[in-house]
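Laboratory data are not the source of any read-out in this text; all were calculated from the coordinates shown. Since we're looking at a predicted model, the values are computed, not measured. Note that each Cβ is placed from the backbone with ideal geometry, even for glycine, and that neighbours are counted across all protein chains shown.
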Amino acid sequence: MDISYYDFTNLPDKTQFDMVLSKGRIISENTVSNTKNMLYEFSSFTVEIIYSLSKNSISGKNVYLNRAAYSA
């Protein structure tokens, strides 16, 4: 799916989560204590979803622009 970093970050959180979980590609996964961090490749950027195992819910996210995607 092609969406710009700017357009993606302006979407509501729920929409962002839904898009990443359905269309993103998992590139890394790490569990520490009661937190699971999932790193997804999505469009031209990377999205980290932080999942609270004790609360059984998403507790946060970080969006990283993949500058290498724009290199010549």
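Okay, residues lined up against (1) in contact with a helix residue (DSSP H, G or I) (Cβ under 8 Å, 6 or more places away or on another chain); (2) in contact (Cβ under 8 Å) with a residue 24 or more places away in the chain:
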| site | (1), (2) |
| --- | --- |
| Asp2 | no, yes |
| Asp7 | no, no |
| Pro12 | no, no |
| Thr31 | no, no |
| Asn37 | no, no |
| Phe42 | yes, yes |
| Ser59 | no, yes |
Filtered residues of the range 48-63 (kept if in a strand (DSSP E or B) and either over 19 Å from Asp7 (Cβ atoms) or among the basic types (Lys, Arg) (or both)): Ile50, Tyr51, Ser52, Ser57, Ile58, Ser59, Gly60, Lys61
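Listed here are the residues, each with its yes/no results for (1) surrounded by 16 or more Cβ atoms within 10 Å (Cβ to Cβ); (2) in a strand (DSSP E or B).
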position: Met1; (1), (2): no, no
position: Leu11; (1), (2): no, no
position: Gln16; (1), (2): yes, no
position: Leu21; (1), (2): no, no
position: Ile26; (1), (2): no, yes
position: Thr31; (1), (2): no, yes
position: Asn37; (1), (2): no, yes
position: Thr46; (1), (2): yes, yes
Flag for Ile26 being touching a Ser or Thr at 6+ places or on another chain (Cβ under 8 Å) and β-branched (Val, Ile, Thr): no
